[in-house]
Amino acid sequence: MRMYDIILKKRNGEELTKEEIQFFINGYTEGTIPDYQASALLMAIYFKGMSKSETAELTMAMVNSGETVDLTAIKGVKVDKHSTGGVGDKISLIVIPLVASLGIPVAKMSGRGLGHTGGTIDKLESIPGFRTELTGDEFIDNVNNYKMAISGQSGNLVPADKKLYALRDVTATIDSIPLIASSIMSKKIASGADCIVLDVKVGSGAFMKSVEEAYLLAETMVEIGKSLNRKTIAVVTDMSQPLGHEVGNSNEIIEAIEVLKGKGSKDETQVALTIASYMAVLGGAFEDFEKAQAALEEVIRSGKAIDKLKLLIQIQGGNPDVVDKIEILPQAKYHIEVRSKKGGYVNSIDAESIGISAMLLGAGRRTKEDRIDFSAGISMKKKVGDKSNPGDILCVLHTNLQNTGEAERIALAAYNIGNSRVKVNKYIYGIIQ
Ligand code: URA
């Protein structure tokens with residue numbers, strides 16, 4: 001078999017066989033297929049797409065490129081959730097303790113942020129002492145004993161994705177449905193959970209900019225999950241503006257704490273309760289969504305959910321006092337107010353630009369090697385639909401850097417102020433089961 005023929009076949013819009021896909025993934029992971037040929041194939045896939053069966057074969061070939069996690073030592077049905085990535089997305093921080101409060105085992109593998117999107121592992125590391133690299137045994141013991149654990153992805157899980165994702169990042173081939181679907185689902189399958197709830201984001205801060213594309217991605221991933229015997233549900237949620245009011249790391253932890261105390265913003269509370277309810281239904285604890293949601297609302301009201309977050313922080317080596325003393329979290333030296341130049345109503349906020357501005361303040365990484373400043377971030381004082389007079393504060397930038405001109409310009413330009421009040425998008429677009 002020759003890589004040249006595989007590229008040519010896909011370039012001509014033909015369907016690749018299982019053997020051809022395996023040849024590509026194995027050869028690229030081992031280093032016998034060079035970046036330039038892999039890039040050419042990725043671009044051909046970008047333009048010509050892949051059938052459902054090709055996407056499923058690609059996913060399995062990626063799973064088989066490395067180790068897989070065996071969670072059979074965990075009692076009960078294990079649920080995981082995954083977001084396709086957004087700005088201000090702290091839903092995992094909320095749903096892990098929330099679902100675990102109902103006694104459902106949550107075995108969560110998470111990633112780090114890159115570019116304008118944040119990562120749950122980085123956010124948790126802003127809590128002093130919190131360990132995100134658990135050994136396999138610690139992970140399993142914590143889920144068995146406390147019904148929850150979160151860990152960064154282990155070294156050799158889906159090595160094909162690590163190489164391919166880095167290559168896609170520099171060859172403008174990230175936003176391809178079969179490539180995103182196989183990248184996400186291969187990691188979820190290799191991580192060993194029985195059930196997966198996918199949060200597919202749509203809008204200016206997401207990879208999928210239109211609702212139609214988001215549905216297609218959601219359907220593709222749900223089909224892959226089903227074909228590999230994993231119960232999978234996708235929830236399509238809004239990312240046309242940042243989620244909640246905080247974008248960063250330690251400030252997002254504070255906002256997640258607020259939701260678990262029952263004082264969260266409407267958008268985050270609704271998205272978190274929806275994702276958590278489907279996790280509870282797939283985990284077998286409830287027959288229907290409404291009963292699951294009522295039970296979850298009750299664990300927030302009773303204080304069980306916030307106590308569970310304290311426990312999660314404690315068992316992973318962090319200081320649980322942060323839940324009541326947020327000043328323990330890293331604080332930035334400078335707080336810069338970005339003020340509106342004109343009056344009117346906030347018509348839209350470009351979430352990707354807010355993510356980029358936060359990254360420039362130190363809250364994210366431009367390259368994988370960058371270090372994160374956990375105290376850096378943005379507080380959104382105005383959101384879509386809000387009235388804004390000239391001189392009103394739109395957002396506040398938190399940073400330890402002195403030169404923030406570019407971040408300020410980008411944050412201001414992200415706000416589109418119009419003369420009339422627009423309707424706020426719905427938080428949840430739909431469910432794919
Ligand atoms: N998240 C992933 O893990 N992979 C993608 O391709 C896109 C988002």
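What follows draws every value from the coordinates through simple rules; no lab data is involved. As the structure is a prediction and not an experimental result, all values here were calculated from the model. Virtual Cβ from ideal backbone geometry, glycine too; neighbours counted across all protein chains shown.
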Over the range 171-207, the set of residues buried (at least 23 other Cβ atoms within 10 Å of the Cβ) and part of a strand (DSSP E or B) is Ile196, Val197, Leu198, Asp199, Val200, Lys201, Val202
When you scan the range 42-53, do you find a residue that is of a type outside the set (Ser, Thr, Tyr) and outside any helix (DSSP H, G or I), even just one? yes
Give the number of residues within the range 134-170 that are more than 16 Å from the ligand (Cβ to nearest atom) and in a loop (DSSP other than H, G, I, E, B). 5
Within the set of pairs 6 or more residues apart or between chains, which connect a residue that is under 12 Å from Leu93 (Cβ atoms) and of a type in the set (Phe, Trp, Tyr) inside the range 111-133 to a residue that is more than 12 Å from the ligand (Cβ to nearest atom) and assigned to a loop (DSSP other than H, G, I, E, B) with Cβ atoms less than 7 Å apart? Phe130/Gln316; Phe130/Gly317; Phe130/Gly318
Scan the range 233-244 for residues that are part of a loop (DSSP other than H, G, I, E, B) and buried (at least 24 other Cβ atoms within 10 Å of the Cβ) and jot them down. Met239, Gln241, Pro242, Leu243, Gly244
Answer yes or no: is there a residue in the range 245-262 that is of a type in the set (Asp, Glu), more than 30 Å from Ile127 (Cα to Cα), surrounded by fewer than 24 Cβ atoms within 10 Å (Cβ to Cβ) and away from the ligand (no atom under 12 Å from the Cβ). no
Just to be sure before I move on: is Gly115 closer than 20 Å to Leu260 by Cα and surrounded by fewer than 21 Cβ atoms within 10 Å (Cβ to Cβ) in the structure I sent? no
If I ask for residues that are buried (at least 24 other Cβ atoms within 10 Å of the Cβ) and more than 21 Å from Val236 (Cα to Cα), which ones from the range 79-103 would you list? Pro97, Ala100, Ser101
Is the range 403-418 home to any residue that is farther than 26 Å from Arg131 by Cα and among the acidic types (Asp, Glu)? yes
Positions within the range 171-212 being away from the ligand (no atom under 13 Å from the Cβ), charged (D, E, K, R) and within 21 Å of Met239 (Cβ to Cβ), in sequence order: Lys209, Glu212
Over the range 118-139, the set of residues buried (at least 22 other Cβ atoms within 10 Å of the Cβ) and β-branched (Val, Ile, Thr) is Thr120, Ile127
Name the pairs whose Cβ atoms lie under 6 Å apart, with the first residue in the range 60-86 and under 24 Å from Leu273 (Cα atoms), the second within 16 Å of the ligand (Cβ to nearest atom) and polar (S, T, N, Q), and 6 or more positions between them or separate chains? Gly85/Thr117
Hits in the range 269-285 (condition: over 11 Å from Val95 (Cβ atoms) and crowded, with 20+ Cβ neighbours inside 10 Å): Thr269, Val281, Leu282, Gly283
